[in-house]
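To start, the structure under review is shown below, and the notes come after it.
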Amino acid sequence: MDHFLYRNGILHAEDVPLPEIAAQVGTPFYVYSTATLTRHYQLFKDALDGVPNMVCFAMKANSNQAVLKVLAGLGAGMDVVSGGEYARAKAAGVPGERIVFSGVGKTRAEMRAALEGGIRQFNIESEPEMGVLSEVASSMGATAPVTIRVNPDVDARTHEKIATGKSDNKFGIPISRAKEVYALAASLPGLEVIGIDVHIGSQLVDLEPFEQAYAKVAELTRMLRAEGHDIRRLDLGGGLGIPYTRSNEAPPLPTDYGALIKRCVAGLDVEVEIEPGRLIAGNAGLLVSSVIYLKNGEGRDFLILDAAMNDLIRPSMYGAYHDIDPVVEPAPGAGRQPYDVVGPVCESGDTFAKGRELPPLVSGDLVAFRSAGAYGAVMSSEYNTRPLIPEVLVKGDHVAVIRPRPTFDEIINRDIVPEWL
Ligand code: LLP
């Protein structure tokens, strides 16, 4: 459930009609709902009730300061994958003890910054990385809390670009080698082994792969404890999928996911961490765009929008499907017709949807892409010198621009022409 509903025939973000925001900030723009972000975070908290847990928002999905503030204010931790994300989490007021550092290629500088600023744990992904963290922490006289990310060789049955739990993916260490890698970690100075980490992929629409992976992690917990390791925390990653279309079957609910986790960790006496990104932010955001032109092609009609692949890259990058709704609700029984929905960028990949059935639209009409709150704004670029589009946050009838659209001058003035030219 989200808080983007038609009221009196106009699509609203909570209590605010989208045309009002469009008039204020211009199109295209992203808009997020505080109530939906809050609800989605709370769903996970409720689902894990009864088990010591921390829900760490995977802020790669949406790292706007205001969004982080909403979640941090609810008690969320953050899962970060770069020095930049770490700095963003700290800037949003998240204490170091609620920040988990993931990612396959952490640099010395990133490790140092996190150790200086405080960190809940590093999720280590390889032996070389472990060696470097040991060196960095020791040189600072610090001890780095670590989990080791294991690759359980489980097929997440998701898009190949976002599957991470098979042995041919670059992530984690093979679970079959966990025993020796944990022994190495325990022998290195500056590291304190505290748990196990696993993340098998994103947009999983089936609980079975989670079950397989978590069962392996539970078994590994017992084995490593028998080896003398103090495994007290399991980071079970993110990845729970969301409905991208109203017509397909619904992905599993956080409640079912939580029940599965509880089943898998029963009797282990561990603290559970999860790192959801998409489920918290995805359906908490829309991308709102205007129709620039309707162009009649040969055998097809192109709806040319002012949003493009640089603003929302998921359709061209993953062939992802996003529902597109007219902001003015079509009259009951209004006809629909197929459109190729495209942006103005100069490549054919700049296509949001082909043959999408929509009510008749004309130049100036507003449309909203659903499920755009995760991996939307964060993956955008200024390709074709199209300014990053504004982000807007709504809470009830409050509206705020939480990232303004840069001016052309701001964009151009970031470039430096050498004086010797
Ligand atoms: N934890 C780790 C270690 C991850 O790599 C990811 C996502 C997550 C948590 C969060 O997964 P989520 O709950 O959001 O599924 N750009 C792609 C998604 C990439 C996901 C990468 N890792 C997309 O637009 O679909």
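Using amide H atoms built 1.01 Å from N in the peptide plane, name the residues 5+ places from residue 77, or on other chains, whose amide H lies under 5 Å from its own.
Those qualifying (amide H under 5 Å, at least 5 residues apart or on another chain) are 55, 56, 57.
With every protein chain kept in place and ligands, DNA and RNA left out, what is the accessible area per residue of the range 300-421? Probe 1.4 Å, answer in Å².
50 Å²
For a Förster distance of 25 Å, can you work out the FRET efficiency between the beta-carbons of residue 140 and residue 416, rounded to the nearest 0.05?
The value I calculate is 0.10.
Given an 8 Å cut-off on Cα distances and at least 6 residues of separation, report the relative contact order of the chain as a percent.
Relative contact order of the chain: 20 percent.
Could you work out the percent of alpha carbon pairs in the chain separated by over 40 Å, rounded to a whole number?
22 percent
State which helices in the chain qualify, where a helix is a whole DSSP H run, it must extend 15 Å or more along its own axis by its Cα atoms, and its mean Kyte-Doolittle hydropathy must be at least -0.5.
127-139, 208-226, 254-265
At a probe radius of 1.4 Å, what is the per-residue accessible area of residue 329, in Å² to the nearest 10?
90 Å²
Mind computing the radius of gyration and Dmax over the alpha-carbon atoms of the range 117-229? Å is fine for both.
14.6, 45
Find the accessible area per residue for the range 32-281; the probe is 1.4 Å, ligands and nucleic acids are left out, and the unit is Å².
In whole numbers, the range 32-281 has 38 Å² accessible per residue.
In deg cm²/dmol, rounded to 500, what helix-only [θ] at 222 nm does the chain give when every DSSP H run of at least 4 residues adds -39500 (n - 2.57) and the total is split over its residues?
Dividing the helical sum by the residues of the chain leaves -8000 deg cm²/dmol.
On a straight-distance basis, which lysines could pair with residue 354 in a cross-link, Cα separation under 16 angstrom, same-chain partners fewer than 8 positions away excluded?
Candidates past the 8-residue exclusion: 295.
Specify the residue with the greatest mean-square fluctuation among 77, 141, 376, computed from a Gaussian network of the chain linking alpha-carbon atoms under 10 Å apart.
141
Convert each backbone phi in the range 414-421 into a coupling constant with the Karplus relation 6.51 cos²θ - 1.76 cosθ + 1.60 (shift: θ = phi - 60°), then list the ³J(HN,Hα) values in order as whole Hz, x for Gly and Pro.
For the range 414-421, the Karplus-derived couplings read 6, 7, 10, 8, x, 5, 7, 7 Hz, x marking Gly and Pro.
Enumerate the amide H contacts of residue 358 below 5 Å, restricted to partners 5 or more residues apart or on another chain; note that Pro and chain-start residues carry no placed amide H.
337, 339
Which of these, 145, 19, 332, has the largest mean-square fluctuation under a Gaussian network model of the chain (Cα springs below 10 Å)?
332
Determine which lysines satisfy two conditions relative to residue 60: a Cα distance under 24 Å, and not lying fewer than 8 residues away in the same chain.
Partners within reach: 45, 69, 90, 106, 161, 166, 170, 395.
Determine one quarter of the surface area of the Cα convex hull of the range 32-281, which equals its mean projected area, and express it in nm² to one decimal.
In nm², the orientation-averaged hull projection of the range 32-281 is 12.3.
Any chance you could run the full-extension gain for residue 132 through residue 337? It's 0.36 nm times the residue separation minus the Cα-Cα distance, nm to one decimal.
The residue 132-residue 337 span can extend by a further 68.0 nm.
Please list the three semi-axes, largest first and in whole Å, of the ellipsoid equivalent to the range 348-394, using sqrt of 5 times the eigenvalues of its alpha carbon gyration tensor.
Largest first, the range 348-394 gives 21, 16, 13 Å.
Compute for the range 241-328: radius of gyration divided by Kirkwood radius, i.e. Rg/Rh, restricted to C-alpha atoms, rounded to two decimals.
Expressed as Rg/Rh, it is 1.15.
Once you order the gyration tensor axes a ≥ b ≥ c over the Cα atoms, which shape class does the range 19-68 get: rounded for a/c under 1.5, otherwise prolate or oblate by comparing a/b with b/c?
Prolate, because a/c is 1.5 or more and a/b exceeds b/c.
Let me know the charge dipole size of the range 1-91 about its Cα centre in debye, to the nearest 20, where only the beta-carbon of Lys, Arg (+1) and Asp, Glu (-1) is charged.
220 debye
Please report, to two decimal places, log10 I(q)/I(0) for the range 1-140 at q = 0.11, 0.14, 0.16, 0.22 Å⁻¹ as given by the Debye formula with identical point scatterers on the Cα atoms and no solvent.
The Cα Debye sum returns log10 ratios of -0.52, -0.75, -0.88, -1.25.
For a test of the definition: using alpha carbon positions, the gyration tensor, and the 1.5 limit on a/c, classify the range 304-421 as rounded, prolate or oblate.
Verdict is prolate for the range 304-421.
Ignoring ligands, DNA and RNA, what percent of the accessible area of the chain is carbon or sulfur (1.4 Å)?
53 percent
Stokes-Einstein D for the range 78-133 at 4 °C, 1.567 mPa s, Kirkwood Rh over Cα pairs, in µm²/s?
Answer, rounded: 118 µm²/s.
The values are calculated or read from the model by the stated rules, or taken from the named source; none is laboratory data. Keep in mind that this is a model prediction, so the values were computed, not measured. Please note: Cβ atoms are built from the backbone with ideal geometry, for glycine as well, and neighbour counts cover all protein chains shown. Just so you know, the surface numbers come from the protein's heavy atoms only, side chains and all, with ligands and any DNA or RNA stripped out. Shrake-Rupley method; radii C 1.70, N 1.55, O 1.52, S 1.80 Å.
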